[in-house]
Each structure stands twice: as structure tokens, then as C-alpha cells.
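Read the structure below first, then the notes.
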Amino acid sequence: MKTKTAIRKISYYAVMTFFGIAALLPFLWMISTSLKAREALYTIPIRWIPKDPSLEAYKAIFTLGTVNFMRALMNSFTVSILLTFIPLFTSAMAAFAFAKIEFKAKKLLFTAFLFTMMLPGTITMIPNFITLRNMGLLNTYTALVLPALSNAFAIFFMRQSFIAIHDSYLEAAIIDGASLYRVFWMVILPLAKPVLFTMGLFNFMGSWNGFLWPLIILSDRKKWTLQLGLSNLGSNFYNYQHYLMAGAVISIIPIIIVYLISQKYVEQGLASGGLKG
């Protein structure tokens, strides 16, 4: 039995190691290519480790005349911060209402929210675009934020966590004279920290990697986000793969940093939010 158990463990770790390496290979190749000079891109045989590592590509993308990479990077930070915290706050308030406050047609309204999750996002883009155009909000960051204020998945995800918070905490706070707003800020949010960090991570990743909606809304190059800048970079410098890979490496660094900050909450947040893996 011990031998069989040992064989199973070894087989399991061997398979997981194989898939882990396979998943890392594209990232390793991306980093390797970004550190090569242009003449080394087409060297045969392929070199995973550059013979003469160079930061030429990283310097070049910040000095290109066609793409203001630094501005696009700052724009992405602005948009991602707005699309992380504002929808997180509005969704948390809605989730609190659905989880802890009794009102007429609550179940019906929540079911209607859930039905919206069945609609592909591309279906709502045209009506949202027409509405924002009539409001005169095209080519503004406000147009990127408004459609995200009502996020059915975020409401559902956080509601599951809020339901698990025992009502005795709320009752004790109300007995002490706290209003619903104070209960929300001082009781619910601190107790729901894992799910907030998890949903915040989802929001940040979605907004940082967003491409289609910013492409539709933002026509001014000065307001372009990083993903639009990378797309333009790919169109104008498709023969300079090390430029593209350098831009891609820079684009994934913020996501890695945010994940490392929030990782200790993610597993707990996924479990409490009802997405056990």
C-alpha cells in the first residue's frame, strides 16, 4: 500500500510539473525575446537564453513617436483603478441589500440580475454605445465606468459571502445605535475582506486587459489604454517582435504584483463566494 501511495504521489507531481512547465514556456519565451537584439530574433538554432542580453526593446518602446507608451501605461492605471474600486463599492452595496435587507420583490429583482449573466457582453455593447453617445460621453473614461456599475456576477459573488456573515453581528451593531450605512462600513466590509480582495483582483485583471470596449469608446490617442497602445504597436512594428514582447512583459507586471498582494485572500474569498475549485 505504501509503495502504491508513493507511486501515485510521484506520478501526480510529475504530471503537475509537466503542465506547470508547459504553462510557463510562453512567458519564458516572451521574456527571452524581449531581451534580444533585433538581429538575434531569427537566429537558428533558437536560443532560449540570449547570448548578449539587451534592454534595447524596453528603451525603444518608451521613445517611439507613433505610440506614447508611457501615457498609455498611465491611462491604463487610471482606468483600472476606477474600474476596480467604483464597481466594487456599488456591487458591495447591492450585495449587502440582497443579502441582509428585506424589501418587496427582492427575490424577483435578484433573479433578474442573474438572468443578465446569461447575456454575452458583446450583445449589450451596441445599446450601451448608443446610450452613451446620446449622453455625450463618448471618448471619456466615464463611458468606460458607467456600464460596469451594475455587475451581476460581482453582486452574486459578494452576496454569497455576505449571507454567511451571522446576523448577530448586525443586530449587536444596530442595538448600539449604528445605522445601516455604519453597519455596512464597520461590520460587513471588514468581515468580507477576502471576497472584496478577490473581486477586486477580478475587476483589476478585467479592466487592465480590456481591449474591445475601450477600442469602441476611446477615439483620442491621448486617452488610449495600454492594450490599445500594444495593438497599435503590433500593427506598426510587427517585424520587431522584441518590441512587442517587451510591451507584453511590462503589461503583465502590474497583474502579477496585484495578485501577489491579494493571493492570501483569494482562496478564502473564492470559497466564501461560492466558487470552490
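The values are calculated or read from the model by the stated rules, or taken from the named source; none is laboratory data. Not measured: the values here are computed from a predicted model. When we count neighbours, we look across all protein chains shown, and the Cβ atoms used for this are built from the backbone with ideal geometry, even at glycine.
So, in region 122-132, how many residues would count as being surrounded by 13 or more Cβ atoms within 10 Å (Cβ to Cβ) and either in contact (Cβ under 8 Å) with a residue 60 or more places away in the chain or out of contact with any helix residue (DSSP H, G or I) (no Cβ under 8 Å at 6 or more places or on another chain) (or both)?
So the answer is 4.
Does residue 257 qualify as being under 14 Å from the mean Cα position of the chain (by Cα) and either at positive phi or free of Cβ contacts under 8 Å to residues at least 40 places away in the same chain (or both)?
yes
May I ask you to list the residues in region 60-104 that are in contact with a helix residue (DSSP H, G or I) (Cβ under 9 Å, 6 or more places away or on another chain) and either among the charged types (D, E, K, R) or at positive phi (or both)?
Hits for region 60-104 are 71, 100.
For (1) free of Cβ contacts under 8 Å to residues at least 24 places away in the same chain; (2) within 23 Å of the chain's Cα centre (by Cα), each residue gets a yes or a no:
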| position | (1), (2) |
| --- | --- |
| 120 | yes, yes |
| 137 | yes, no |
| 143 | no, yes |
| 151 | no, yes |
| 162 | no, yes |
| 168 | yes, no |
| 173 | yes, no |
| 178 | yes, no |
| 196 | no, yes |
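Checking the conditions here, which among 197, 184, 204 is surrounded by 15 or more Cβ atoms within 10 Å (Cβ to Cβ) and within 22 Å of residue 107 (Cα to Cα)?
184
Is it the case that some residue within region 38-55 is over 23 Å from the mean Cα position of the chain (by Cα), assigned to a loop (DSSP other than H, G, I, E, B) and in contact (Cβ under 8 Å) with a residue 40 or more places away in the chain?
Checking region 38-55: at least one residue is over 23 Å from the mean Cα position of the chain (by Cα), assigned to a loop (DSSP other than H, G, I, E, B) and in contact (Cβ under 8 Å) with a residue 40 or more places away in the chain.
Here are some residues: 41, 35. Which one is modelled with pLDDT under 85, surrounded by 11 or more Cβ atoms within 10 Å (Cβ to Cβ) and of a type outside the set (Ser, Thr, Tyr)? It would help to see each step written out before you state the result.
Numbers: 35 fails: modelled with pLDDT under 85.
That would be 41, the only listed residue that is modelled with pLDDT under 85, surrounded by 11 or more Cβ atoms within 10 Å (Cβ to Cβ) and of a type outside the set (Ser, Thr, Tyr).
Scan region 80-119 for residues that are assigned to a loop (DSSP other than H, G, I, E, B) and more than 23 Å from residue 171 (Cα to Cα) and jot them down.
Those that are assigned to a loop (DSSP other than H, G, I, E, B) and more than 23 Å from residue 171 (Cα to Cα): 105, 117, 118, 119.
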